[in-house]
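What follows is a set of notes on a single structure, which appears directly below.
Please treat every number below as a calculation from the coordinates, not as lab data. Quantities reported herein were computed from a predicted structural model and do not represent experimental measurements. Counting neighbours? That spans all protein chains shown, and the Cβs are built from the backbone with ideal geometry, glycine included.
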């Protein structure tokens, strides 16, 4: 009797789920919450040999240095522009891919397409940059075609006007298929009876997508958008650095590369922490604003 009561209790029904979630919770605490204490370094002249407790406190010194840095506004602008490129061009595409995958009826063909678009996500950015070099380099495939027509080759990877397009295209190639997984999963949970009812009412596939599929996954779309906005100021060091050249530094130098170039290589730990804290505050503001916007559009906040 006691075993039956125990198995029928809250822990009995949710024990397996709690065990599955536990590793993620531990990871979150260790690598996200505990390191928050290190943000205090931004208000110190941190010295490794003296440690956290004995390093002198300097208040907002490093934030003033950051905002008064000669290239701050250029770096800030580059980060914003690349963030907009990433948001506008790479966020909607996984939704479109998921919609198309949801329409496939041939399971073998669908499985092949899924595998083909997921694989690039497992390539490192160094490999992606190698693909770009083979395609767009001086002796790359495109320039060989240009030479064959009697024209002069174009070094695409070293011209600043092509940099953002190349980085965004590489991001689409590497991450769009993988990002579509969450939307495909959301679509798989939609009740098939809704589609059957729509067919009886005479709705074609487009109307079913517009009136059933998209509304049913809208909450997932908003959550993913908020996560993207939270990372808006963090474009990823490796994604940018592998394409960065001295000629493209004017449009490609962002906070992540600035942290490496000025902060880490010169041992300015307090400055790099101040930059990270600034990025986090901007991301938090964007998440709060997007949640308020979702309240106005849907009548309730998605997150809180």
Å³ per residue of the Cα convex hull, for the chain?
-> 233 Å³
A chain fully extended from residue 214 to residue 40 at 0.36 nm per residue, minus the present Cα-Cα distance, gains in nm 58.3 nm
The stretch 93-141 and the stretch 231-288 have their Cα centres apart by a whole-number Å value of 27 Å
Give the peptides 224-233, 65-74, 271-280 in descending order of average Cβ contacts within 10 Å, highest first.
-> 271-280, 224-233, 65-74
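If neighbour count is taken as other Cβ atoms inside 10 Å, put 295, 61, 107 in order from fewest to most.
The most exposed by this proxy come first: 107, 295, 61.
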Hull volume per residue for the stretch 213-253, using the convex hull of the C-alpha atoms, in Å³ is 95 Å³
Length released on extending from residue 73 to residue 266, taking residue separation times 0.36 nm less the Cα-Cα span | 67.4 nm
